[in-house]
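Undergrad: Encoded as structure tokens, here's the structure I'll be asking about.
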Amino acid sequence: MKYIVMICVLLVSVSSLASSIIEGEDGYRLWLKYDPITSASLKKKYTQQVGRFHVTGDTETMQVVRDELNYALNGMLTDATVVSQKQAGLLVVAGDQASSLAASNSLDLKSVGDEGYVIHQTNDGDASQILVLANTDVGALYGTYRLLRQLQTHQPLDGLSVSSSPDIDLRVLNHWDNLDRHVERGYAGQSIWDWHKLPDYRYQRYIDYARANASIGINGTVLNNVNADPLILTPHYLTKVKALADMFRPYGIKVYLSVKFSSPQLIGDLDTSDPLDPEVRQWWKDKVADVYQQIPDFGGFLVKANSEGQPGPGDFGRTHAEGANMLASALAPHGGTVMWRAFVYANEKNEERSKQAYSEFKPLDGKFKDNVLVQVKNGPIDFQPREPFSPLFGAMPDTPLMMEFQITMEYLGFSTHFVYLGSMYEEVLQSDTYARGEGSTVAKVIDGDLFNHNVTGMAGVANIGTDRNWTGHIILQSNWYVFGRMAWDPQVSAKTVADDWIRMTLSNDDKVVASVSDMMMKSHEVTVNTMTPLGLHHIMGAGHHYGPAPWVDSLGRADWNSVYYHRAAKDGIGFDRSESGVNAVEQYFSPLKEQLSDPATTPEKYLLWFHHLPWDYEVKSSGRTLWNELVHRYYQGAADVEEMADTWDSLEGKLDPLQFHQVQMAMDIHEKEAIWWRNACVLYFQQFSGQPIPETLPKPEKSLADYQKMSFPHAPGQG
Ligand code: GCV
């Protein structure tokens with residue numbers, strides 16, 4: 001007996017010793033790992049094909065191309081070397097020389113434009129070369145990353161023939177980063193911009209950030225929070241902005257700044273910021289000229305105006321168009337752009353919140369200058385776990401609208417929930433607005449196809465911070481990745497991108513790819529069920545938005561409270577936005593308007609977004625009563641998260657140990673929080689339905705009062 005105990009003690013201490021240091025991939029390298037290809041035959045083949053490479057030109061960008069190839073090919077293959085153009089198996093060329101090579105190989109390079117590329121394998125037997133051709137250096141960089149993806153995902157190079165150019169012009173990250181390094185709605189550490197040490201101290205992380213973005217085609221970054229600090233436009237900060245712009249330029253990335261509309265008063269000593277005041281206009285012109293003197297390719301301004309307490313043209317009796325156009329006039333001579341946000345909901349307007357952006361912006365259609373894009377959040381309220389698309393898409397044919405997606409997980413579990421957003425972005429982009437009849441998808445509105453716009457854009461609110469793995473959770477790196485891929489090509493499928501990301505980041509083993517891909521593809525739906533099933537929305541903790549709090553009812557504005565949104569009462573639950581209610585459906589085109597007006601034809605995922613229904617309403621897909629369906633979805637959601645956790649556990653030994661362990665720990669939290677959401681919401685809504693939770697389901701372990709008492713004053717990312 002003693003002997004057995006001793007062995008047990010020994011085993012325990014050995015295993016705890018073994019687990020105290022987990023070596024492996026900490027996530028820093030993102031999807032650009034370039035680890036050695038383990039299949040000897042594949043490695044040999046690739047080495048023969050591209051192991052000898054040549055990059056023409058010596059601009060900064062072509063040097064970046066050379067460096068990346070050197071690093072990547074030497075990582076994945078054996079002894080990759082730079083050779084002369086003639087000896088090269090892989091040749092990367094931009095500009096005139098690329099045009100002549102394209103012509104001699106009958107390739108159409110012209111049509112891929114300034115950022116596109118053509119990849120082609122010539123058919124010369126042993127002398128066959130893989131050509132990466134582009135009209136510009138940055139096109140060659142994008143083509144290089146595309147070629148590397150082929151190797152990283154173990155796809156053949158034989159007969160390779162790819163021609164690609166972005167469908168969207170401005171593919172921009174929005175950092176909600178403050179100058180003190182706090183990130184509003186950030187869950188991955190501090191801001192990566194170390195403003196204090198800039199411009200002199202230049203972290204390798206800045207370059208790796210640029211590499212990651214360039215690898216997925218992101219060509220712009222707004223460095224600071226839309227709740228902007230006016231100091232960003234002072235000389236002290238502009239030299240720091242310049243340092244970042246200089247580092248990002250070779251990667252094809254322009255910097256943009258969020259500006260505070262009242263800057264002329266706050267840092268310019270003027271008495272007003274009225275956009276029609278000549279002195280104010282001159283102030284902006286001079287300021288913009290200063291910026292361009294330091295940063296000749298500066299991208300432009302992002303503006304949050306007259307929204308959530310931010311100043312704007314409305315403070316001076318002017319419209320959003322007058323405000324945006326004043327900045328656009330200052331930027332136009334330098335080629336800069338204004339991205340003017342449509343995220344507005346004013347205190348004084350007595351109109352339902354989901355309708356306000358449309359009401360305010362639609363009348364301004366066609367009134368904006370050519371270098372203004374109106375940036376619209378994907379849904380009409382505010383980045384909820386699921387929203388119908390904003391009715392502004394399709395409603396402003398004479399104004400280019402930019403999509404604003406949230407990559408950071410403000411409303412979807414911070415950085416511990418396993419949620420792939422690709423399927424959500426796809427759902428929004430493929431939604432039909434019917435603006436010009438059937439097939440008028442949101443994607444076609446924003447890529448300029450539907451209304452023939454020349455300037456187009458997509459913004460993503462970044463989920464990046466100083467955490468070693470950048471995004472606080474390895475899986476959430478995929479949301480940065482898919483944002484870039486969909487901004488380049490809004491038609492690409494979420495599944496294709498997920499599979500590529502898994503192969504580049506986690507494993508090329510087909511079985512592992514299939515398991516993780518399946519988890520990723522269902523993760524958004526599952527998480528919606530755990531939080532806001534059937535179209536519920538905005539029922540999270542007040543302020544920080546952490547955890548369930550459908551009971552919030554005492555905040556200063558009606559539409560800051562959960563009860564405003566779910567409207568649970570004895571007679572039922574949901575927000576009547578149909579004609580019998582606030583008539584938000586009227587903002588959509590027919591036949592969608594009619595479809596959404598009737599609960600019987602409203603997609604169930606939006607049921608309670610558009611309708612207030614009795615607890616015994618029969619839900620079509622299941623035949624359950626609304627109450628039973630709600631309970632079912634909360635329980636099913638939590639059970640599905642548990643199943644995802646089990647699937648992840650089954651991958652132990654098949655993944656890098658550190659990657660595995662990090663995601664496993666987060667999965668445990670996701671599981672606990674799904675149960676917390678389920679219990680708190682079901683108990684809360686039960687007060688109104690007066691109906692039981694079916695006996696077969698586990699009872700919530702705490703009382704509603706206990707859940708209501710939970711408080712998180714130090715939850716991260718607060719505004
Ligand atoms: C940057 C939501 C967020 C705020 C954010 C705002 C916006 O309300 O909670 O933190 O502010 O959206 O998009 O401007």
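The values are calculated or read from the model by the stated rules, or taken from the named source; none is laboratory data. Keep in mind that this is a model prediction, so the values were computed, not measured. Neighbour counts are summed over all protein chains in view; Cβ atoms, including those assigned to glycine, are modelled from backbone coordinates with ideal geometry. Surface areas here come from the heavy atoms of the whole protein model, side chains and all, with no ligands, DNA or RNA. Shrake-Rupley method; radii C 1.70, N 1.55, O 1.52, S 1.80 Å.
Undergrad: Would you check if there is a residue in the stretch 407-417 being within 16 Å of the ligand (Cβ to nearest atom), within 19 Å of the chain's Cα centre (by Cα), in a loop (DSSP other than H, G, I, E, B) and under 16 Å from P490 (Cα atoms)?
TA: Yes, the stretch 407-417 contains at least one residue that is within 16 Å of the ligand (Cβ to nearest atom), within 19 Å of the chain's Cα centre (by Cα), in a loop (DSSP other than H, G, I, E, B) and under 16 Å from P490 (Cα atoms).
Undergrad: Quick one: in the stretch 57-80, which of the residues that are within 34 Å of the chain's Cα centre (by Cα) and polar (S, T, N, Q) is least open to solvent (accessible area, probe 1.4 Å)?
TA: So the residue we want is T61.
Undergrad: Something else: Looking only at the stretch 337-355, decide whether some residue is part of a helix (DSSP H, G or I), within 13 Å of the ligand (Cβ to nearest atom) and more than 27 Å from D286 (Cα to Cα). So that I can check it myself, show each step before the final result.
TA: Of the stretch 337-355, the ones part of a helix (DSSP H, G or I) are 353-355.
If we keep only those that are within 13 Å of the ligand (Cβ to nearest atom) too, we end up with 353.
With more than 27 Å from D286 (Cα to Cα) added as a condition, the list becomes 353.
Within the stretch 337-355, one or more residues are part of a helix (DSSP H, G or I), within 13 Å of the ligand (Cβ to nearest atom) and more than 27 Å from D286 (Cα to Cα).
Undergrad: Something else: If I ask for residues that are surrounded by fewer than 18 Cβ atoms within 10 Å (Cβ to Cβ) and of a type outside the set (D, E, K, R), which ones from the stretch 568-592 would you list?
TA: Within the stretch 568-592, A569, S580, G581, V582, N583, F589, S590, P591 qualify.
Undergrad: Moving on. Is at least one residue of the stretch 330-343 surrounded by fewer than 24 Cβ atoms within 10 Å (Cβ to Cβ), more than 26 Å from L244 (Cα to Cα) and of a type outside the set (V, I, T)?
TA: Yes, some residue in the stretch 330-343 is surrounded by fewer than 24 Cβ atoms within 10 Å (Cβ to Cβ), more than 26 Å from L244 (Cα to Cα) and of a type outside the set (V, I, T).
Undergrad: Just checking, how many residues over the stretch 648-687 are touching a Phe, Trp or Tyr at 6+ places or on another chain (Cβ under 7 Å) and farther than 30 Å from A569 by Cβ?
TA: Selection size over the stretch 648-687: 7.
Undergrad: Residues that are open to solvent by 10 Å² or more (accessible area, probe 1.4 Å): which strands (runs of 3 or more DSSP E) entirely in the stretch 116-227 hold 2 or more of them? Full working, then the answer.
TA: Working: elements: 117-121, 130-134, 161-164, 170-174, 220-222.
By residue number, 117-121, 161-164.
Undergrad: While we're on this one: Taking S307 as the residue in question, decide whether it is assigned to a loop (DSSP other than H, G, I, E, B), within 16 Å of the ligand (Cβ to nearest atom) and either of a type in the set (S, T, N, Q) or crowded, with 23+ Cβ neighbours inside 10 Å (or both).
TA: Yes: the conditions hold for S307.
Undergrad: Check whether at least one residue in the stretch 228-243 is within 16 Å of the ligand (Cβ to nearest atom) and open to solvent by 40 Å² or more (accessible area, probe 1.4 Å), and report yes or no.
TA: Within the stretch 228-243, one or more residues are within 16 Å of the ligand (Cβ to nearest atom) and open to solvent by 40 Å² or more (accessible area, probe 1.4 Å).
Undergrad: Out of everything in the stretch 310-321 that is in contact with a Phe, Trp or Tyr (Cβ under 9 Å, 6 or more places away or on another chain) and in a helix (DSSP H, G or I), what residue ends up being nearest to the ligand (Cβ to nearest atom)?
TA: H320
Undergrad: For residues that are under 14 Å from the mean Cα position of the chain (by Cα) and assigned to a loop (DSSP other than H, G, I, E, B), scanning just the stretch 431-463, find the one that is nearest to L658 (Cα to Cα).
TA: Across the stretch 431-463, the extreme among qualifying residues is N463.
Undergrad: For the stretch 464-504, give me each residue that is in a loop (DSSP other than H, G, I, E, B), open to solvent by less than 10 Å² (accessible area, probe 1.4 Å) and small (G, A, S).
TA: Hit for the stretch 464-504 is G465, nothing else.
Undergrad: Which of the residues belonging to the stretch 48-58 are farther than 15 Å from G143 by Cβ and either outside any helix (DSSP H, G or I) or touching a strand residue (DSSP E or B) at 6+ places or on another chain (Cβ under 8 Å) (or both)?
TA: Correct list: Q49, G51, R52, D58.
Undergrad: Let me ask another. Looking at A98, A102, which one is among the hydrophobic types (A, V, I, L, M, F, W, C), free of Cβ contacts under 8 Å to residues at least 40 places away in the same chain, open to solvent by less than 40 Å² (accessible area, probe 1.4 Å) and part of a helix (DSSP H, G or I)?
TA: The conditions single out A102.
Undergrad: Collect the residues in the stretch 392-406 that are touching a residue at least 60 places away in the same chain (Cβ under 8 Å), crowded, with 24+ Cβ neighbours inside 10 Å and away from the ligand (no atom under 16 Å from the Cβ), keeping them in residue-number order.
TA: Correct list: G394 only.
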